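> Take a look at the following structure, please.
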Amino acid sequence: MERIPEQDLMINEANARAYAEADFSEAHDAFVADYRAVFGDDNEERFVLDFGCGPCDVVIRLCRSFPRWRVHGVDGSLAMLQQARRALDKIPEIAWRVELIHGVFGGLQGAALPRQTYDVIVSNSLLHHLHDASVMWETIWRYAAYKTRIYIVDLLRPISTAGARQIVQRYAAGEPDILKQDFYNSLLAAYTLDEIVWQLHRAGLGYFSVRQISVCHAAISAEMTHR
């Protein structure tokens, strides 16, 4: 099945609210657990860039797991950042460690980040939104230093539209129709494992690990070995 791109940003408030209110606990807990499996326990103070942080559910889970992390969460959607702020306002013990930044990379509206490099760069479910996937890898080159930990999770494109609908029914049967449609569109917009591997080789990051970690998710991870 050919890739069908979707919009870069989820700017509609209704879509952002549906996404923020959906139950992604299984997938987001798996994000944290797999990060820990790859890199181990982390008791160090680290500055973390979350590229496409959305409503910050993953950020909150990471901050709970790693209490010395400070996170800069970047998203191009103000609607998503509003959802993130609402979530963080409920947990001040974590909120003070998270700075939300509005902006995108690879365009005229470049995000102005407080740091030149980061100790950890993470991203969840952003890659499939990018019409030009090289934006992801260029951002890593720009903000990673030697030994920066990279951990990215994104959807994988099924082999058919029927397969995409089966995945939606399996994982989002109880969610609102607006979220089901967004999930379906995202599956059609996702990249395959081979496409991700090709992107990494083209970007000079061919040593990154690319693994399928669920029926419809891939994890991309590495420590930067050169600059």
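Values quoted throughout were computed directly from the atomic coordinates according to the rules given, and no laboratory measurement underlies them. Note that the coordinates shown come from a computational prediction; the quantities given were computed from them, not determined experimentally. Heads up, the Cβs are rebuilt from the backbone with ideal geometry, glycines too, and the neighbour counts pull from every protein chain shown.
> Can you compute the FRET efficiency between W198 and E21 using 1/(1 + (r/R0)^6), with r the Cβ-Cβ distance and R0 = 41 Å? Round to the nearest 0.05.
E(calc), rounded to 0.05, equals 0.70.
> Applying a 10 Å radius around every beta-carbon, put 156-163, 123-130 in order of their mean neighbour count, most first.
The packing order, highest mean first, is 123-130, 156-163.
> Moving to a separate point now. Along the charge dipole of the chain, Cβ charges K/R +1 and D/E -1, which of P5, F183, L205 sits furthest on the positive end?
L205
> Want the number for R36 to H226: 0.36 nm per residue separation, take away the alpha-carbon distance, what's left?
66.1 nm
> So what does the Cα-only Debye profile of region 13-223 read at q = 0.07, 0.08, 0.14 Å⁻¹, as log10 I(q)/I(0), no solvent term?
Those come out to -0.19, -0.25, -0.84, one per q.
> On to the next question. Mind ordering 172-181, 135-144 by average Cβ neighbours within 10 Å, highest first?
Result, highest mean first: 135-144, 172-181.
> Continuing with this model, one more query. Restricting to region 84-224, what percent of DSSP beta bridges are antiparallel, rounded to 5?
Of the beta bridges lying entirely in region 84-224, close to 60 percent run antiparallel.
> Using a 10 Å cut-off around each Cβ, can you sort D41, D132 from fewest to most neighbouring Cβ atoms?
Going from least to most buried by this count: D41, D132.
> Give me W69, W198 ranked fewest to most by other Cβ atoms within 10 Å of their Cβ, as a rough exposure proxy.
The order, fewest Cβ neighbours first, is W198, W69.
> Let's see if you can work this out: charge +1 on each Lys and Arg Cβ, -1 on each Asp and Glu Cβ, no other charges. What is the dipole magnitude of region 1-83 about its Cα centre, in debye to the nearest 20?
260 debye
> How would region 15-75 be classified by its alpha-carbon gyration tensor: rounded, prolate or oblate, with rounded meaning a/c under 1.5 and the a/b versus b/c comparison settling the rest?
oblate
> Ok, one more. Cut-off is 10 Å between beta-carbons; in what order do V38, V215, V104 appear when sorted fewest neighbours first?
By the 10 Å Cβ count, ascending: V215, V38, V104.
> How big is the dipole moment of the chain about its Cα centre under a simple scheme where the beta carbon of each Lys and Arg is +1, that of each Asp and Glu is -1, and everything else is neutral? Debye, nearest 20, please.
Its charge dipole is roughly 380 debye.
> So, in nm, how far is label Q212 from label E138 when the simple model puts each one 7 Å beyond its Cα toward the Cβ?
The answer from the label model is 3.1 nm.
> Next question, about the same structure. Farthest toward the dipole's positive end in region 79-180, which of L81, L126, V168, given Cβ charges of +1 (Lys, Arg) and -1 (Asp, Glu) about the Cα centre?
It is V168, whose Cα lies furthest towards the positive end.
> Quote the charge dipole size of region 72-206 about the Cα centre in Debye, to the nearest 20; the model charges only the Cβ of Lys and Arg (+1) and of Asp and Glu (-1).
Taking the Cα centre of region 72-206 as origin, the dipole is about 180 debye.
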